[in-house]
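What follows is a single structure, written as structure tokens, with notes after it.
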């Protein structure tokens with residue numbers, strides 16, 4: 001019988017596997033403990049981090065049209081959001097839907113119970129008329145459960161250019177898996193950061209205040225606290241890169257010296273060469289052709305590309321075939 005691992009054991013296994021790998025890597029999904037959640041909220045408020053403002057502008061600009069896309073004939077629908085966070089952008093649409101007395105249920109999904117609790121409390125205060133049914137689970141575990149309940153129309157949000165954290169094959173796997181849990185006619189809205197001036201893109205991941213640096217280093221702190229690691233964060237430096245040819249913006253932590261790190265949870269040591277990188281995250285930027293090809297190969301039809309006034313960002317609306 002397979003042993004069921006605790007969340008902490010899975011965390012330890014994933015960190016150990018990543019640090020054993022050549023090249024070393026850590027999974028960006030572990031950025032989001034309570035401190036990580038707080039730091040990411042700060043990142044979204046930064047002057048350099050244009051993505052949040054651009055997508056917020058899309059919701060302000062297109063909220064009535066989004067209502068129509070979610071419920072073309074005024075029917076009841078579920079608004080499902082992967083990785084809801086604080087709901088900052090989504091609240092623009094939720095407020096409009098409540099004012100219009102739309103027949104809908106908002107279902108935020110997040111792996112962070114802390115984030116969901118804060119979001120529910122905020123919505124209860126700000127939008128008491130909003131029907132909320134949150135799910136703390138893996139995205140696909142949650143969407144499978146939601147789809148199994150009934151055939152109520154769904155619109156699934158995957159905002160913030162989170163799709164850009166995947167390489168092409170991973171993005172296709174993710175979207176095909178999503179497709180398998182949706183009914184024909186269900187719709188998705190996916191945020192895509194657009195290719196643009198490389199200086200602007202790089203600045204968004206290397207802010208002057210150092211919040212993004214702290215966000216990355218916080219994962220080392222989390223490993224120390226939860227897995228008995230002995231990372232010295234002062235011996236690592238944050239290093240982002242952007243390749244305009246591939247559209248890939250990558251973040252690394254570089255070891256400033258040759259050193260050994262111990263992880264009590266797995267009773268192992270890991271050697272670092274001087275300036276050896278740990279790959280942390282990739283944030284890919286897209287053009288229209290790439291977005292449309294992704295939809296096509298994953299079984300979706302593109303309905304519309306919604307943009308902010310500057311054209312920095314696209315929320316692309318697709319229908320499941």
Note to self: It is to be established whether one or more residues within the range 57-68 are crowded, with 16+ Cβ neighbours inside 10 Å, touching a strand residue (DSSP E or B) at 6+ places or on another chain (Cβ under 7 Å) and farther than 28 Å from residue 281 by Cα.
What the structure shows: yes
Notebook entry, point to check: over 23 Å from the mean Cα position of the chain (by Cα), in a helix (DSSP H, G or I), on the phi < 0 side of the Ramachandran plot and free of Cβ contacts under 8 Å to residues at least 60 places away in the same chain: does that describe residue 60?
Noted result: no
Checklist line | Number of the exception - residue 296 against (1) assigned by TED's automatic domain parsing to the domain that holds residue 60; (2) surrounded by fewer than 17 Cβ atoms within 10 Å (Cβ to Cβ); (3) touching a helix residue (DSSP H, G or I) at 6+ places or on another chain (Cβ under 7 Å) | finding: (3)
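Would you mind finding the one in 78, 61 that is more than 20 Å from residue 178 (Cβ to Cβ) and assigned by TED's automatic domain parsing to the domain that holds residue 161? Steps first, please.
Numbers: 78 fails: more than 20 Å from residue 178 (Cβ to Cβ).
It is 61.
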Checklist line | Residues located in the range 299-321, provided they are more than 21 Å from residue 169 (Cβ to Cβ), touching a helix residue (DSSP H, G or I) at 6+ places or on another chain (Cβ under 8 Å) and part of a strand (DSSP E or B) | finding: 301, 303, 304, 305, 306, 307, 313, 314, 315, 317
Notebook entry, point to check: For residue 260, are the conditions met, namely being at negative phi, surrounded by fewer than 20 Cβ atoms within 10 Å (Cβ to Cβ) and touching a residue at least 24 places away in the same chain (Cβ under 8 Å)?
Noted result: no
Next item on the list: Quick one: residue 177 ticks every box in (1) in a helix (DSSP H, G or I); (2) more than 30 Å from residue 310 (Cβ to Cβ); (3) out of contact with any helix residue (DSSP H, G or I) (no Cβ under 8 Å at 6 or more places or on another chain) except a single one, so which number is it?
Entry: (3)
Item checked: Matching entry among 159, 175, 127 (being surrounded by 14 or more Cβ atoms within 10 Å (Cβ to Cβ) and without any contact (Cβ under 8 Å) to a residue 40 or more places away in the chain) -> 127
Note to self: Within the range 90-126, take every residue that is at pLDDT below 95 and assigned to a loop (DSSP other than H, G, I, E, B) and give me the one that is farthest from residue 158 (Cα to Cα).
What the structure shows: 112
Item checked: Near pairs, Cβ below 7 angstrom, 6+ apart or cross-chain, from the range 106-117 (surrounded by fewer than 15 Cβ atoms within 10 Å (Cβ to Cβ)) to any residue that is assigned to a loop (DSSP other than H, G, I, E, B) -> none
Note to self: Take the conditions crowded, with 18+ Cβ neighbours inside 10 Å and modelled with pLDDT of 95 or more and apply them to residue 254. Does it pass?
What the structure shows: no
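Collect the residues in the range 12-29 that are in a helix (DSSP H, G or I) and at pLDDT 95 or above, keeping them in residue-number order.
Here is the first cut: in the range 12-29, the residues in a helix (DSSP H, G or I) are 12-20, 28-29.
Hits for the range 12-29 are 12, 13, 14, 15, 16, 17, 18, 19, 20.
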Margin query: If residue 193 satisfies all but one of (1) in contact with a strand residue (DSSP E or B) (Cβ under 7 Å, 6 or more places away or on another chain); (2) in a helix (DSSP H, G or I); (3) buried (at least 20 other Cβ atoms within 10 Å of the Cβ), what's the number of the condition it fails?
Written below: (2)
Notebook entry, point to check: What number of residues within the range 1-16 satisfy the criterion of being in contact with a strand residue (DSSP E or B) (Cβ under 9 Å, 6 or more places away or on another chain) and surrounded by fewer than 18 Cβ atoms within 10 Å (Cβ to Cβ)?
Noted result: 1
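The values are calculated or read from the model by the stated rules, or taken from the named source; none is laboratory data. Owing to the predicted nature of the structure, the values given are computational and were not obtained by experimental measurement. When we count neighbours, we look across all protein chains shown, and the Cβ atoms used for this are built from the backbone with ideal geometry, even at glycine.
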